[in-house]
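Here's the structure, in structure tokens; my notes come after.
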Amino acid sequence: MSVRFIALATVAALAHTPAAFAQAHHGQHGTPTPEQSGQSTQDPHAEHRAPSRAEPQTRPAEPADPHAGHGVTGSSSPPPAQDHERAATGQDADPHAAHGAQASPPQATDPHAGHDAAPASDPHAGHGEAGASPSHGIAGTALPAGDAPPPPVPEDFYADRSFSPSEMARVRAGERREHGGGIYSQVLLNLLEYRATGDGGSYHWDMQAWIGGDINQLTIKSEGEGAFRGGTDRADLQLLYSRAIDPYWNFQAGVRYDFKRSRSYAAVGIEGLAPYWFELEGTLFLSDRGDLLARFEGYHDVRLTQRVLLQPRAEANFSAQDVPRDRIGSGLTNIELGLRLRYEIVREFSPYVGIAWERRFGGTARYARADGEDVGGATFVAGVRLWF
């Protein structure tokens, strides 16, 4: 019994020797003990201190880390051997040693450094915008224009499940008529007027009518003039095939017949809407006797109010050669200029007043003087413009 008691006492003394030696060592360097300094003997970081060799080799439970699930690459806890080494040397353990220190801590200015974020240079790199190019980051309307073919037109319609094919064909034909592909028509009397000339005045008309679709049309034009007391001086009728060559211009070809001279012509021309809303028309005529003529005309509607419009108008005729039997000289034969002010009672009916000036040139003027006719002058005009 005495031998066993002496052995246990010796082991206990050896176990307390390092702690006593450390306390004595601190005392030699003037470091007051907690009892000497009057401080509490309770260590505020006692729960974080690494266990000594005399204590059981069990680590205290680590507190919950608010960023423990952020998965920062390279984070690891110090191995337990470091804790034993600190305890052996008597050094104080790191108060945050049990918090799972990171090998490469993030910068303090980035609270989300451990969130696997994209590079700081692109704050929207991880937003994944649809349609964005992975190589250039271009999206939306900034994408380059492509040349991929359009998707095929759908041929299966839900209504086909409930209605017969004949009924659906009838409905689709009606939709095409309403939204294009139908047959349309118009009759336009652009000029139907009285002119205050000598011998009781004269009359003048310029009209056209057409029927057809958006691309192909049949067009009829007529123009003429005459005196109330002297009969018709000029009257012609054109029958033309008109085809749209772009949204604003039509190509026309057909025949023209001159009733006063009983002359037929082949006609080829173009008409359309020029920029700034100028209505222009140019036509070449080749007679059955080989005479080549040309006519150019145009007008522009200047809207002064919602109902009042001012229309300047011009027409010029040319001949490639002298035609004595028709009293036409070569070159520029005549020009007619007009200015008409009209009031739209409704769109389809617009009375107007104005002035018209005409002048013959070259050989045509010589023929007129030889026949005792005036070569030109200005006249007052009044008429109506209507269409239906």
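The values are calculated or read from the model by the stated rules, or taken from the named source; none is laboratory data. As the structure is a computational prediction, the values presented were derived from the model and not from experiment. All Cβ positions, even for glycine, are placed from backbone atoms using ideal geometry, and neighbour counts span all protein chains on display. All accessible areas refer to the heavy atoms of the entire protein, side chains included, with ligands and DNA or RNA removed. Shrake-Rupley method; radii C 1.70, N 1.55, O 1.52, S 1.80 Å.
Couple of notes before you dig in:
- Taking all protein chains together and a 1.4 Å probe, the residues PHE228, PHE361, PHE157 rank PHE228, PHE157, PHE361 from largest to smallest accessible area.
- Net +/- balance of residues flanking LEU304 in space, Cβ distance below 13 Å, scoring K and R +1, D and E -1: +2
- Couplings 3J(HN,Hα) of region 160-171, computed from phi: 5, 6, 10, 10, 6, x, 5, 5, 5, 5, 5, 5 Hz, in residue order, whole Hz [Karplus 6.51 cos²θ - 1.76 cosθ + 1.60, θ = phi - 60°; x for Gly and Pro].
- The length gained on full extension between PHE251 and ARG307, counted as 0.36 nm times the residue separation minus their Cα-Cα distance, comes to 17.0 nm.
- Accessible area, probe 1.4 Å, largest first, for residues LYS260, LYS221: LYS260, LYS221
- HIS204 - accessible surface, heavy atoms, 1.4 Å probe, Å² rounded to 10: 10
- Potential extension, GLU167-TYR184 segment - 0.36 nm per residue separation minus Cα distance: 3.7 nm
- Proximal charge balance of PHE380 [Cβ under 14 Å; K/R count +1, D/E count -1]: 0
- Each label point was placed 7 Å from the Cα along the Cα-to-Cβ direction; for ALA378 and GLN321 their separation is 3.9 nm.
- Using a probe radius of 1.4 angstrom, the carbon and sulfur fraction of the accessible surface of region 214-253 is 59%.
- Rounded accessible area per residue of region 149-228, 1.4 Å, Å²: 66
- 19 Å reach of a label modelled at ARG369, 7 Å along Cα-to-Cβ, counting backbone N of region 284-322: 322
- Sites matching trypsin sites (Lys or Arg not before Pro) across region 294-388 that sit in DSSP coil, with at most 11 neighbouring C-beta atoms within 10 Å: ARG347
- Rounded FRET efficiency, nearest 0.05, which uses the C-beta distance separating VAL153 from LEU239 and R0 of 45 Å: 0.70
- In region 323-386, the portion of solvent-accessible area held by carbon and sulfur atoms comes to 61 percent [1.4 Å probe, whole percent, DNA, RNA and ligands not counted].
- Dipole orientation for region 135-264: of the candidates PHE157, GLN217, HIS179, GLN217 has the Cα lying most toward the positive pole (charges on Cβ; Lys, Arg +1; Asp, Glu -1).
- Accessible area, probe 1.4 Å, largest first, for residues TYR265, TYR241, TYR367: TYR241, TYR367, TYR265
- Taking every protein chain into account, the accessible area of region 245-293 amounts to 61 square angstrom per residue (probe 1.4 Å).
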